[in-house]
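The structure under discussion appears below in the form of structure tokens.
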Amino acid sequence: DYLHANEPVSYLNITLHCHFGSRPLMAAQFDRILKYIRGFPDAWLVRHDELAQWIKSNNIREWTNRQRFFGRPG
């Protein structure tokens, strides 16, 4: 909720190891998290390879925190 409200271009990396995440209770909570995130119409759930391809296809270079939070130098 904080990222959505305050950092519209934020990136949240969620990694779940199969030895831990495939347990029923954890899998159920992970499912709840994904459904919650999908409730935001502008959220993009993407795999790492899809994100990398999108960055490559759009010729996006490194975007530093300084640029992100304080604007691009003129």
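Read-outs throughout are calculated quantities, based only on the coordinates presented, and are distinct from any laboratory measurement. Please read all numbers here as calculations on a predicted model, not as lab measurements. For neighbour counting, all protein chains shown are included, and Cβ atoms are generated from backbone atoms with ideal geometry for every residue, glycine included.
Quick notes on this one:
- Its alpha carbons considered, the chain gives a radius of gyration followed by a Dmax of 15.6, 52 Å.
- Look at the dipole of the chain built from charges on Cβ: of LEU12, LEU25, LEU45, the Cα furthest out on the positive end belongs to LEU12.
- Potential lengthening between ARG66 and CYS18 on full extension [0.36 nm per residue; Cα-Cα distance subtracted]: 13.7 nm
- In order through segment 44-53: 3J(HN,Hα) via Karplus (6.51 cos²θ - 1.76 cosθ + 1.60), integer Hz, x for Gly, Pro: 10, 8, 9, 7, 4, 5, 5, 5, 4, 5
- Among the trypsin sites (Lys or Arg not before Pro) in the chain, those located in a DSSP loop and surrounded by at most 15 other Cβ atoms within 10 Å of their own Cβ are ARG47, ARG61.
- The chain - mean residue ellipticity at 222 nm from DSSP helices (-39,500 (n - 2.57) per run, n ≥ 4, rounded to 500): -14500 deg cm²/dmol
- Across segment 22-39, computed HN-Hα scalar couplings (Karplus, 6.51 cos²θ - 1.76 cosθ + 1.60, θ = phi - 60°) run 8, 6, x, 5, 5, 4, 5, 5, 4, 4, 4, 4, 4, 5, 5, 5, 5, x Hz from first to last residue, x flagging Gly and Pro.
- Computed from phi, the 3J(HN,Hα) profile of segment 7-18 under the Karplus parametrisation 6.51, -1.76, 1.60 (θ = phi - 60°) reads 9, x, 10, 6, 10, 10, 8, 10, 10, 9, 7, 4 Hz, with x in place of Gly and Pro.
- Electrostatic bookkeeping for THR15 treats Lys and Arg as +1 and Asp and Glu as -1; over the other residues with beta carbon under 15 Å from its beta carbon, the sum is 0.
- Cut-off under 5 Å, modelled amide H: who pairs with ALA43 long-range: none
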